[in-house]
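The values are calculated or read from the model by the stated rules, or taken from the named source; none is laboratory data. Predicted, not measured: the structure shown is a model, and the values here were computed from it. Virtual Cβ from ideal backbone geometry, glycine too; neighbours counted across all protein chains shown.
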Amino acid sequence: MDIFGEHPSVPIGVAILIAIYLGACRVAGRRPTRRQAMWFALAMGAILFTHTELDELADARIFSMHMLQHLMQTFLIPPLILLGTPGWMIRPWILSRPIKPIARLLTTPVVAFLIFSAVFVTAHFPPIFDRMCRDENFHIFLHLLFMAAGMLLWWPILSPLPEMPRLSYPAQILYLFLLMIPMTAVAAPITLATRVIYPWYSEGAHGWGLKPLEDQVLGGLIMWIGQGTYLMFIFTFIFYRWQQREDNDTPIVPASTTPNLRVVPSRRVAHS
């Protein structure tokens, strides 16, 4: 994999993110936990793979890989970054006086959900999507916007700051269930279309030997079934954590409080 070939900005950007992460640790004099460091490393690896290997396949007019790329930019990379970022690392910046009110507004569940939905649905309108395929700068901008909107989307689920707490477990399940609405609004028309709706995919050689319409259906299914399966997995995990917490919160009655029931032997009545 030659990550420095056609996409030199990607490894450079990842290197800058790693430098910022390590620099913040040095300034704070603290270290992330091993688990946080692992999540952050996975996030950096996902960014490299998504914007080099997958990007090359998308550039080869393989629509299905372009859809997989968009799912990774919104459903995989942002959660990994949030899981890998300690609260102490971003607290001074997020909770600073000029940024705090804006951050609180943008990470409000309703606002975050609406921003993500608007970005994701609008970006897949044929005129905008087709321009993205033809204009490299616009392409990069939309991909960055996907990841930024994804960070907002996942913040109510994975917030690293107690000052901006996560949703309760039942609310998290409802929040992610409602997310299927905008995702289906994008995936269903793509999957069920009877013609190629993005002209760029019909104008040149198509990778993997697939016909453009077949690839479009495959891309729609990846988004439709892929996001549904992914969210069902997250539902299951959240429900498990919820039940685990409920079990831990169940009060245990001490033995000393149990009523001391003493059996009193019955007396025989003498019959004369």
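Go through the stretch 213-237 and give me each residue that's surrounded by fewer than 14 Cβ atoms within 10 Å (Cβ to Cβ), under 15 Å from Leu179 (Cβ atoms) and hydroxyl-bearing (Ser, Thr, Tyr).
Listed by number, the list holds a single entry, Thr229.
In the stretch 187-207, what count of residues is obtained for those that are assigned to a helix (DSSP H, G or I) and more than 11 Å from Phe63 (Cα to Cα)?
Number satisfying all stated conditions: 6.
Check whether at least one residue in the stretch 21-30 is in a helix (DSSP H, G or I), within 22 Å of the chain's Cα centre (by Cα) and free of Cβ contacts under 8 Å to residues at least 24 places away in the same chain, and report yes or no.
No, the stretch 21-30 has no match at all.
Quickly run through the stretch 32-55 and pick out the residues that are over 18 Å from the mean Cα position of the chain (by Cα) and either exposed (fewer than 12 other Cβ atoms within 10 Å of the Cβ) or hydroxyl-bearing (Ser, Thr, Tyr) (or both).
Thr33, Arg34, Thr52
From the list Phe177, Phe141, pick out the single residue that is aromatic (Phe, Trp, Tyr), part of a helix (DSSP H, G or I) and over 22 Å from Arg241 (Cα atoms).
Unique residue meeting the criteria: Phe141.
Inspect all residues belonging to the stretch 21-41 and state whether any of them is touching a Leu at 6+ places or on another chain (Cβ under 6 Å) and under 30 Å from Ile197 (Cβ atoms).
Taking every residue of the stretch 21-41 in turn, none turns out to be touching a Leu at 6+ places or on another chain (Cβ under 6 Å) and under 30 Å from Ile197 (Cβ atoms).
Residue-wise test of (1) among the acidic types (Asp, Glu); (2) within 17 Å of the chain's Cα centre (by Cα); (3) closer than 26 Å to His51 by Cα.
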position	(1), (2), (3)
Phe113	no, yes, yes
Ala123	no, no, yes
Glu136	yes, no, yes
His139	no, no, yes
Leu145	no, yes, yes
Trp155	no, yes, yes
Tyr169	no, yes, no
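Pairs under 6 Å by beta carbon, first residue over 19 Å from Ile16 (Cβ atoms) in the stretch 42-62, partner modelled with pLDDT of 90 or more and among the aromatic types (Phe, Trp, Tyr), six or more apart or different chains?
Listed pairs, sorted by first residue: Arg61/Tyr201.
Does the stretch 160-169 contain any residue that is in contact with a Lys or Arg (Cβ under 8 Å, 6 or more places away or on another chain) and aliphatic (A, V, I, L, M)?
Yes - at least one qualifying residue is present in the stretch 160-169.
Take the stretch 79-107 and flag every residue that is over 26 Å from Arg31 (Cα atoms) and free of Cβ contacts under 8 Å to residues at least 24 places away in the same chain.
Pro98, Pro101, Ile102, Leu105
Can you tell me which condition Ala28 does not meet? The list is (1) hydrophobic (A, V, I, L, M, F, W, C); (2) more than 30 Å from Pro212 (Cβ to Cβ); (3) modelled with pLDDT of 95 or more, and all the others hold.
(3)
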